[in-house]
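Nothing in this text is a laboratory measurement; each read-out follows from the coordinates by a stated rule. This one's a predicted model, so the numbers in the text were calculated from it and none came from an experiment. Because the Cβ atoms are built from the backbone with ideal geometry, glycine has one as well, and the counts that use them run over all protein chains shown.
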Amino acid sequence: MPIKSALQLSTFLCLLLVSPFSFSEILIDGKLDEAEWDEAREVTKFYEVYPFTLEEPKYDQKVLVLEDEKGIYFGFINYQPTESIRSNKHERDLERPNADRVGVNIDFDGDNISAYSFSLSVSGSKGDGTYKNENESNPDWDADWGSATSIGENVWYAEMFIPWSIAPMKVQSGEFRTIRLGFYRMLIGAYNVNATIKGNPYTDEFMSTFNEMKFKNSSISKIDFFPYINVTEDRILQDVDTKTGAEIFWKIDSGKQLNIAINPDFGQVESDELVVNFTANETFYSDKRPFFSENHSLFNVKGYEFFYVINTRRIGAAPDYDCSKFAENLQAVCSSSKLGTSDIDLAARYTQQGESFDFGVLAASEADQDFSQGRDFFALRGRKTSTDYSIGYLGTYVERPVLGRDASVHSFDLAYRPNNKIRIASVLLNSNVDGDTGNGFRFRLVAAPTKKLSHDIGFFYFDEDLDLGDMGYLVTNNWTILAGQSKYKVNNFQADSINMSREYEFGYSTQANASGDRANDGLSLKVSNTFKNTSRMDIVSSFRTSGKDYWITRRDEASPYLNMPDGYATSLQFSGPSADFFNYFLNVQRDQGNQFAPTLGWATTYSGKIDFSLSDNLNFYFFHQHKKEDKWLNWIQGNLLGTYDKKQRTTVAGLQWFKNDKHELRIKAQMVAFTARNPVAYLGGIDGSLNYSSEISLDPFTLSDLAFQIRYRYEILPLAYLYVVYSKGGRIVAADEEDNLGKLYQRPWNDPQADNFTVKIRYRF
């Protein structure tokens, strides 16, 4: 490590001498023994919401609620036999940890538009995230809140402190603020959830079922300053890169917040999941970077997973290059100088939330790189809200000087809830890229006539010219789809039955291109059964009619579509009973495409996962999937396609160790071995035919993908961390028929594209 970098790091380490933040006079220790708790409000009425019986829970529980000018305090008292309490530690925001836990979901504005979730396991492991549109969750939001737990005789306690400054809150007139919230408790050993509301995130009514509470209006101004230093040794380039910068989060008052990032480090310390994608559709990756996940819900206008008006992963992505515009002697240098990420000079976001109108602006400017100029990103958001509706506008603008490209997107969104049984949501989209305009539309209707029966219908239309890719994400354009599903839940089984709950889900869809030319229709049926021993079985069958695929050939003039056969799919997944030490699931699938995606040949997939909790603070897991497909159809270029005998094997293994609440060690390896053998060349015809070509020879190929990471994280204080990370991996594509799993997995390890050692400190003042 260079002397200068070492001195910078040493100086930064001195910041660790600053004393940690203290939440309140009430000691957050999980014991609830302060006299103040005697004056707390009590919540004792709980319902069994998973399974969704709404019956009285087996075990008693109680929640105590206190408040002061700093925030809200929650005390959870959870009765159950000591031997049944499951206290395994886990990483933050794990969706379904193998541990008992409690939580609270809070709608600080009381308007059913957005909510924040906070959960705490017996071990003290945290989870937090956001909700919008009734039950759409996002776990990427992390916040600073206090928590602690303790275990007594046949009872365990949890304590939470949620500061008023934790989230933007609309101004509410008067002495008191109306907040809507719901408490819950999960007993993982019984696969059972109890809540104070008659809903859960898997039902169509969730946020609208929250209970109202009155709290004294408090307005808090707060500034958090997060400097950072990141020292990375690139072991391939034999180079050390040192970055410093800072982020400022200023909570001006309850409804206004300003975030500024100067030379921010927008690199993620967590690796993305490996995805092998040969389709025409781009893979979407979520953003876990603090600057973008904090207070971003106002800008989160999307349509299911099909489009996002803002995809913040575009900011700081690989720079734009046009090496052809340089002199011939510089073109090779330009090509060899291409980077995978861009540095950011400055990013800022301001949000203001009033009683009935919300406003926000977002801006970011990338730094210039060798042979490239940085992009500039801008977004403007306005939203009018009421008790039963919200209507808003979100516009984006991007300047890309290297490409001489200016792109703007305008969107108008509406959410309407005439009653608790019906919800309507819609989005209008318009894009303008260098004068080329495109349009899109999304409509969704959710109806829940009874607690057991619900319907969800969606319609999407994206014309041929709609383009959100400069700052957003669009799965594909030139697409129309009408799809829906109906669910029916059964929970009232006899006492001597082996079944706990069952859900029937019927799905249907019809697809076309933007001109209305029919692609195919699809049907599906899913039966999910949870047994009283907590095991679960899912059976899914689907059928898709023959039709036209307008997307595989990328709109090639010689082959604008391909005629595809009927499609069938059946899968069976079984999850074993929930156990303290050992958990597993197994899955087998046989398919020729699925309800939506056409294929030529049949595929068989086997997968399974095992999870060992070796102790309360040590966990190991292993996942493996083997998929074999005949006549796998792959687009090459133009109207040239090939069929292959395809085999894909995916292995994920990981270990997590928690010394205590502040120390976390994680080792994770993701590996993919993909083989495409026995190639046969075809030319797509103007009439959608697939014509064998004996004159064209295609090579077999293999793909090896690796992402290996060892990450140590020490929590200096809430939201302030020390990371020590070693990462290695890459992707290798070769024209051969290698099929040995070990050799394929070894290729990117022996010849990596990334081999980095990083020390990062993010502190908080």
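A simple spin-label model places the labels of ARG554 and GLU25 6.8 nm from each other, with each point 7 Å out along Cα-to-Cβ.
Less than 5 angstrom separates the built amide H of GLY245 from those of TYR228, all sequence-distant by 5 or more or on a different chain.
First check a/c for the range 151-251, with a ≥ b ≥ c the square roots of the eigenvalues of its C-alpha gyration tensor; if it is under 1.5, answer rounded, and if not, answer prolate when a/b is larger than b/c or oblate otherwise. Oblate. For LYS668, a cut-off of 18 angstrom between C-alpha atoms picks up these aspartates and glutamates, skipping any fewer than 8 places away in its own chain: GLU91, ASP93, GLU95, GLU270, ASP272, GLU273, ASP611, ASP705, ASP755. Packing order of peptides 34-46, 387-399, 664-676, highest average first: 664-676, 387-399, 34-46 (average count of other Cβ atoms within 10 Å over each peptide's residues). Each Cα pair under 8 Å and six or more residues apart adds its separation to the average, and for the chain the resulting relative contact order is 9 percent. Ranked by the mean number of other Cβ atoms within 10 Å of their residues, highest first, the peptides 341-348, 481-488 come out as 341-348, 481-488.
With θ taken as phi - 60° and the Karplus curve 6.51 cos²θ - 1.76 cosθ + 1.60 applied, the whole-hertz 3J(HN,Hα) list for the range 337-348 is 9, 5, 9, x, 9, 10, 6, 10, 6, 7, 9, 8 Hz, x standing for glycine and proline. Distances between placed amide hydrogens fall under 5 Å for TYR47 paired with ALA195, THR196, ILE197, all partners being 5 or more residues away or on another chain. Taking the average, over residues, of other Cβ atoms within 10 Å as the packing measure, peptides 275-286, 418-429 rank 418-429, 275-286 from highest down.
Once you sort the root eigenvalues of the Cα gyration tensor of the range 342-418 as a ≥ b ≥ c, which label holds: rounded (a/c under 1.5), prolate (a/b larger than b/c) or oblate (the other case)? Note, shape of the range 342-418 comes out prolate.
Simple rule: put +1 on each Lys or Arg Cβ and -1 on each Asp or Glu Cβ in the chain, find the dipole, and look at TYR157, PHE326, LEU717; the Cα lying farthest toward the positive end is TYR157. Couplings 3J(HN,Hα) of the range 655-662, computed from phi: 9, 10, 10, 10, 5, 7, 5, 9 Hz, in residue order, whole Hz [Karplus 6.51 cos²θ - 1.76 cosθ + 1.60, θ = phi - 60°; x for Gly and Pro]. About the centre of its Cα atoms, the range 524-597 shows a dipole size close to 180 debye [charges on the beta carbon of Lys, Arg (+1) and Asp, Glu (-1) only; nearest 20 debye].
Here's the picture: charge each Lys and Arg Cβ at +1 and each Asp and Glu Cβ at -1 in the range 662-765, and of GLY685, TRP749, PHE765 the one pushed furthest to the positive end of that dipole is PHE765.
Direction-averaged projected area, Cα convex hull, the range 606-765: 13.7 nm², rounded to one decimal.
Less than 5 angstrom separates the built amide H of TYR561 from those of GLY688, all sequence-distant by 5 or more or on a different chain.
All other residues whose Cβ lies under 14 angstrom from that of ILE236 are scored, Lys and Arg at +1 and Asp and Glu at -1, for a net of -4. In this model, which of LYS132/LYS489; LYS216/LYS452; LYS31/LYS58; LYS243/LYS302; LYS62/LYS302; LYS451/LYS609 are farther than 27 Å apart at the alpha-carbon? Beyond 27 Å: LYS216/LYS452; LYS243/LYS302; LYS62/LYS302; LYS451/LYS609. If you plug the beta carbon distance of LEU618 and GLU738 into 1/(1 + (r/R0)^6) with R0 = 41 Å, you get a FRET efficiency near 0.70.
Between THR82 and SER689, the modelled labels are 8.0 nm apart [label points 7 Å from Cα along Cα→Cβ]. Our summary gives the range 282-475 a relative contact order of 18 percent, counting only alpha carbon pairs under 8 angstrom and 6 or more residues apart. Using just its DSSP H runs of length 4 or more, each adding -39500 (n - 2.57), the chain gives a mean residue ellipticity at 222 nm of -1000 deg cm²/dmol after division by all residues. Gyration tensor analysis over the Cα atoms of the range 287-369 returns equivalent ellipsoid semi-axes of 35, 14, 11 Å (largest first, whole Å).
The length gained by stretching the chain between PHE506 and VAL588 to full extension, at 0.36 nm per residue less their Cα-Cα distance, is 27.5 nm. For Rg/Rh (Cα atoms, Kirkwood Rh), the choices are [x] 1.22; [y] 0.95; [z] 1.02; which was calculated from the structure? Checking each listed value against the structure points to [y].
By definition, a body whose alpha carbon gyration tensor gives a ≥ b ≥ c is oblate when a/c is 1.5 or more and a/b is not larger than b/c, and the range 237-334 fits this oblate description. Only Cα pairs under 8 Å and 6+ residues apart enter the sum, and on that basis the relative contact order of the range 354-397 stands at 36 percent.
Computed over every Cα-Cα pair of the range 31-216 and binned at 10 Å starting from 0, the pair-distance distribution P(r) comes out as 9, 39, 39, 11, 1 percent.
Spin-label model, LEU54/MET537: points 7 Å from Cα along the beta carbon direction are separated by 3.0 nm.
If you take the beta carbon distance between GLU34 and SER356 as r and set R0 to 35 Å, what does 1/(1 + (r/R0)^6) give as a FRET efficiency, to the nearest 0.05? Working from the Cβ atoms, E equals 0.35.
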